[in-house]
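What follows draws every value from the coordinates through simple rules; no lab data is involved. It should be emphasised that the depicted structure is a prediction, and the values quoted were computed from it without experimental measurement. Heads up, the Cβs are rebuilt from the backbone with ideal geometry, glycines too, and the neighbour counts pull from every protein chain shown.
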Amino acid sequence: MSIFPIRLRRLTAPTTAFLAALALGAAGTAAAAPTSNTAGQSTTSLRDASTVSPQSLAQAVAGPNATVTNATVSGKDVQVGTVKGLPGDGNAITEGVALSTGSLIDPDPTADSDVDFTRSAVLGPNDALDTTGDFGAIEDPASLAQVAGTDVYDEAVLEFDVTATSSNVVLYYSLGSEEYAGATEGTPASWQSRGYKDPLSIQVNGTECAYVPGTQTAVSAATINESSNADYYTANVSGHTPGQIPVEFNGYTSALPCQAAVTPGQTVHVRVAIADAQDGQLDSTVLLRTQGLGFTDKQITDPCTAKAGTCDIPGADNGSNGSNGSNGSNSSNGANSNGSTPPGQGKPGVTDYSAASPTAGTKSAVAGLPLTGTQALFLGVIALLLLAGGGVALMLRRRRLAGSEAD
């Protein structure tokens, strides 16, 4: 009886050789040359425990002078961390804390722990329309299944307490997602238009505030896009072709203000959570701006958009750490009343990248599923077995032909 499985025994010798070549080629991708990251961009994650912690992330959002306690996170270590150097097109957030349903960092091709993602969900350029980190996680500590109305996966959560210094809290955030692209050129309708809307939740003292400005509509790729609330949206995809803005998202929102009434001097509990809906495919990421949390005595009533505004926080010692009379509005064009842009905040409009070559450095991603050293060895062994089987099949065939001729 043959030692090969029935499906392998039915293969012809040429087919066996072809499959062996494929296996060897797949094994070779483990040592494939890395692609390039956009110059100046970087991410960290909780994997680097020496420099990143839940407390340091919460403090980065609230600012160095805020009193922050009880910071906790949920999710894989690569899902939560910091970003820096992102493009600021469309009043986007360029620097801050990130929570993603995928990985913030590129995979280590030699690490067995990095088999669940192929590239960073954030770092540019936009290499693919389907960047996915699928960790198989089904835990739902933030009850996002109730928000999505379906099963959720790969949830990431950051929670912390901060002491209020005025009567209104403001937290600037942005959503970026792969769900803004379609499946194929033949089915160009974006995933978000087909019901895939990864849920985002930002709560202050248990009250939801991640709403489209001026509404009670929850922010998602389905509610801010090229046809809905488009003033807050920047596309990074054209048809089925990745866009030229050097960030992995296929589309993203401008910086949006989460606002809630609070009591000065009291502890405020903040919870930020994001998850994949329906399946674990296609990453979505929420960015929280550096020093993007502040307290003010008046709400932002005319928020910035992708095309206009400063996205600042009214009042002293907020946002740009200086007096600001702009009310976070779109009345000015890219700078607040003292002429500066808040830390980690981009500007209105989109740069023309058609003649630019923004890539430099290395990006540790490989084509398709990243292979660890163990996987590469395994595929190599399979390839050798297939080649050996093909050789045996050819030898037996020749003997049968020789016997027939002798008869």
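Rounded to the nearest 0.05, the FRET efficiency derived from the C-beta distance between Glu139 and Asp231 at R0 = 22 Å is 0.05. Size descriptors for the stretch 118-180 (Cα atoms only): Rg and Dmax, in that order, 15.8, 44 Å.
If a/c stays under 1.5 just call it rounded; otherwise compare a/b with b/c (prolate if a/b is bigger, oblate if not). Do that for the stretch 45-160, with a ≥ b ≥ c from the square roots of the Cα gyration tensor eigenvalues. In terms of gyration-tensor shape, rounded. Note on the stretch 252-292: Kirkwood radius taken over Cα pairs, Stokes-Einstein applied at 20 °C and 1.002 mPa s, translational D equal to 159 µm² s⁻¹.
Taking 0.890 mPa s as the viscosity and 25 °C as the temperature, the Stokes-Einstein diffusion coefficient of the stretch 155-297 based on its alpha-carbon Kirkwood radius rounds to 155 µm²/s. Extending 7 Å from Cα along the Cβ direction at Ser354 and again at Thr215 yields two label points whose distance is 3.2 nm. In this calculation the C-beta distance from Thr163 to Lys298 is compared with R0 = 22 Å, giving a FRET efficiency of 0.65.
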